[in-house]
Amino acid sequence: MEIKYKNNKTEKQCTDLTYAKRQFNDNVATLLLSRINFIESAKSFADIVNNPAFHFHGLSGKLQGLYAIDLGRKLGFRLIIEPLNENEESLKKEKDIEKLKQCTKVVIVVEVTNHYE
């Protein structure tokens with residue numbers, strides 16, 4: 001899968017282990033980069049959705065239409081992503097996860113956040 005990033009800071013957090021360790025802790029940084037590597041090597045969005053370790057779930061409220069991948073349940077951090085189609089158009093309005101699995105070709109990493117802050 002192709003990954004894009006919302007901004008340069010998020011990209012650096014997700015691609016530079018040393019920077020990620022300064023921003024978070026060693027465990028979160030290591031898990032973050034392993035999640036990014038998995039997404040990059042995934043053949044389809046279904047690989048991401050169906051991976052039980054990710055605890056993939058939709059978000060609500062002002063984050064409606066975005067999805068989260070946990071970076072370890074006990075750590076409290078999550079990777080927030082937005083699925084895009086092959087034309088890099090947002091799929092925020094698509095509610096059917098089966099359709100998302102089929103038409104998502106690109107993922108935007110929106111942010112890495114501590115769910116409890």
TODO: Could I have the simple spin-label model distance between ASP26 and HIS115, label points 7 Å from Cα toward Cβ, reported in nm to one decimal?
DONE: 2.5 nm
- [ ] Please determine, in degrees from 0 to 90 and to the nearest 10, the orientation of helix 26-41 with respect to the longest principal axis defined by the Cα atoms of the chain, where the helix direction is its Cα long axis.
- [x] 30 degrees
Task: Within the accessible area of the range 1-52 (1.4 Å probe), percent carbon and sulfur - done: 44 percent
Open item on the list: Could you sort the peptides 78-89, 18-29 by per-residue average Cβ neighbour count (10 Å cutoff), highest mean leading?
Closed with: 78-89, 18-29
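Which of LYS4/LYS74; LYS21/LYS99; LYS21/LYS95 have a Cα-Cα distance over 31 Å?
Cα-Cα > 31 Å for LYS21/LYS99; LYS21/LYS95; rest within.
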- [ ] Apply 1/(1 + (r/R0)^6) to the Cβ-Cβ distance of THR15 and CYS103, taking R0 = 30 Å, and write down the FRET efficiency to the nearest 0.05.
- [x] 0.70
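How big is the equivalent ellipsoid of the range 1-61 along its three axes, where each semi-axis is √(5λ) from the Cα gyration tensor, reported in whole Å from largest to smallest?
Three semi-axes, in Å: 21, 13, 13.
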Task: Largest-first principal axis extents, alpha carbons of the range 23-102, Å - done: 35, 30, 22
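How many Å² of accessible area per residue for the chain, probe 1.4 Å?
57 Å²
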Open item on the list: With a 1.4 Å probe and all protein chains left in place, how much of the accessible area of the range 66-117 comes from carbon and sulfur atoms, in whole percent?
Closed with: 45 percent
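Over all directions, average the projected area of the Cα convex hull of the range 69-117 and note it in nm².
Average of the hull's projected areas for the range 69-117 equals 3.9 nm².
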Open item on the list: Can you tell me the length gained on complete extension of the stretch SER34 to HIS55, counting 0.36 nm per residue apart and subtracting the Cα distance?
Closed with: 6.1 nm
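Can you give the % of DSSP beta bridges in the chain that are antiparallel, to the nearest 5?
80 percent
Largest first, how would THR10, THR30, THR113 line up by accessible area (1.4 Å probe)? Show your work: numbers first, answer last.
Values: THR10 5, THR30 75, THR113 35 Å².
Sorted by accessible area, descending: THR30, THR113, THR10.
The values are calculated or read from the model by the stated rules, or taken from the named source; none is laboratory data. Remember, it's a predicted structure, so these values are computed and weren't measured experimentally. Reconstructed Cβ throughout: ideal geometry from the backbone, glycine too, with neighbour counts over all protein chains shown. Keep in mind that these areas ignore ligands, DNA and RNA; they rest on the heavy atoms of the full protein, side chains included. Shrake-Rupley method; radii C 1.70, N 1.55, O 1.52, S 1.80 Å.
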